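Input: a single structure, listed below in structure tokens.
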Amino acid sequence: MKMRNRLASMAFAVLCLPGVPVATAIAADLPPLSHSLTRQAPKPAPALKLKDLDGQPYDLAQLKGKVVLINFWATWCPPCRREMPSMERLSQTLKGEAFSVLAVDVGENADTIETFTGQLDTTLTFPILLDTRSRTMQAWKVAGLPTTFLVDKQGRIVASAIGGREFDHPEMIRTIRELLGK
Amino acid sequence: MRRLPLTLLAMWSAASLAGTETSMDTETGLATWQTETAGIQVRLTQISPDQARGFYQARGFSPEAAERYAAECVFMTVVRNVGDAPIRYRLADWRYEPAGQPPRAIRSKAQWERIWKRQGVPESARIAFAWAQIPATQTYAPGDWNQGMTSYSVPRGGAFTLRFVWRADGKQHSGKLEQVRCTDENA
């Protein structure tokens, strides 16, 4: 079996310290980010109506006609933090197309999230929505973080991914472009 | 995003126990046990009591409540589908066996929730706790994985074997991590 050197405990220790720059906590001990999306038979997406960091309401139903990537995450979740920049790169790659990214944070407030995003080298341009009491995650039957869904133009879940991903991997982009073409 | 310099802080070794590989982070002294069998990878990495206290106090636990969790033997746990077929597990089916003692179930999130409510832990902190644990049940497609905490009632420095169970291809499978050791108080 091939084993990789890990820095898990160091990463975890850094995550515990408020005020420590986030970026230093990211790289360490995580299994490699994969790039698979698991296709599934289309089924209607549950409701998703949440406010963003500025209190602006978002409703998934209003995004019909677009392919939407919905990522459930939290700042204390190491794989979530690690995959976030690749989600921004994906968003930039598909800018101008009928595609949106929504990142849904569980259980945290805007200050905590902005502390994290402010320490990234990447500026996140997609909306971050607040699921403060984790009700939306439960409605979407999310069992662990991060979990990501791909919703087609008809508002149906057509693919999902559990665990950290490299979202701007060519295979991911190809899958999304296929949906955009339908 | 910047990355930590990937200096080789961990030293892996092929363990003498069949299927279980171990490593030690030479900087922190914390150890990892990992096995990979029939499409599943399971890995436990020690979390020190100070790390557990710090993590939960930073998320709204009182020092007393955080201490309750830190008193357990806590591990960062990774479960990953490294095969070609979907796999499914229920944490309730897993057992750990401290040396010389009968198998025990891992304390569930629901059981912890009752403890935290009794201790007056705020809802936001309880939500963070629940999502920071490894999922109670999960189905992984190839490539899927989770990382979360599990806790074991084992004395500091004590060893146990973790027997994990999962289903794939309509069959139940099992594997084990042997001689996993609870970290010392001052790790």
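The values are calculated or read from the model by the stated rules, or taken from the named source; none is laboratory data. Since the structure is predicted, the reported quantities are computational estimates derived from the model, not experimental observations. All Cβ positions, glycine included, derive from the backbone under ideal geometry; neighbour counts span all protein chains shown.
Please return the ranges of strands (runs of 3 or more DSSP E) entirely within the stretch B:124-179 where 1 or more residues are among the aliphatic types (A, V, I, L, M) and over 29 Å from A:L130 (Cβ atoms). Reasoning before the result, please.
Details: elements: B:137-140, B:145-152, B:159-168.
Hits in the stretch B:124-179: B:159-168.
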Can you work out which of the residues in the stretch A:93-113 that are among the β-branched types (V, I, T) and without any contact (Cβ under 8 Å) to a residue 60 or more places away in the chain is farthest from A:L50 (Cα to Cα)? A:T112
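Among B:A128, B:A136, which is the only one that is closer than 22 Å to B:F61 by Cα, modelled with pLDDT under 95 and within 14 Å of chain A (Cβ to nearest Cβ)?
B:A128
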Residue that is farthest from A:G65 (Cα to Cα) [pool: residues in the stretch A:120-143 that are at the interface with chain B (Cβ under 9 Å from one of its Cβ atoms) and not hydrophobic (A, V, I, L, M, F, W, C)]: A:D121
Find the residue count for the stretch A:46-88, including only residues that are out of contact with any helix residue (DSSP H, G or I) (no Cβ under 7 Å at 6 or more places or on another chain), under 20 Å from A:N109 (Cα atoms) and not in a helix (DSSP H, G or I). 11
Mind listing whichever residues of the stretch B:106-123 are in a helix (DSSP H, G or I), more than 10 Å from every other protein chain (Cβ to nearest Cβ) and out of contact with any strand residue (DSSP E or B) (no Cβ under 8 Å at 6 or more places or on another chain)? B:A110, B:Q111, B:E113, B:R114, B:I115, B:W116, B:K117, B:R118
Checking the condition closer than 14 Å to A:I128 by Cα, touching a residue at least 24 places away in the same chain (Cβ under 8 Å) and crowded, with 20+ Cβ neighbours inside 10 Å, which residue from A:L60, A:L53, A:L90 passes? A:L60
Sort out which residues of the stretch B:34-81 are at negative phi, surrounded by fewer than 19 Cβ atoms within 10 Å (Cβ to Cβ) and either among the aliphatic types (A, V, I, L, M) or assigned to a loop (DSSP other than H, G, I, E, B) (or both), and write them in order of number. B:A58, B:S62, B:A71
Residue that is surrounded by the most Cβ atoms within 10 Å (Cβ to Cβ), among those in the stretch A:94-111 that are touching a strand residue (DSSP E or B) at 6+ places or on another chain (Cβ under 9 Å) and outside any strand (DSSP E or B): A:G107
In the stretch B:139-187, which residues are within 14 Å of chain A (Cβ to nearest Cβ), within 14 Å of the chain's Cα centre (by Cα) and aromatic (F, W, Y)? B:W145
Please count how many residues of the stretch B:142-186 are surrounded by 19 or more Cβ atoms within 10 Å (Cβ to Cβ) and farther than 28 Å from A:C77 by Cβ. 1
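Go over the candidates B:L44, B:L30 one by one and state the one that is modelled with pLDDT of 95 or more and closer than 30 Å to B:W116 by Cα.
B:L44
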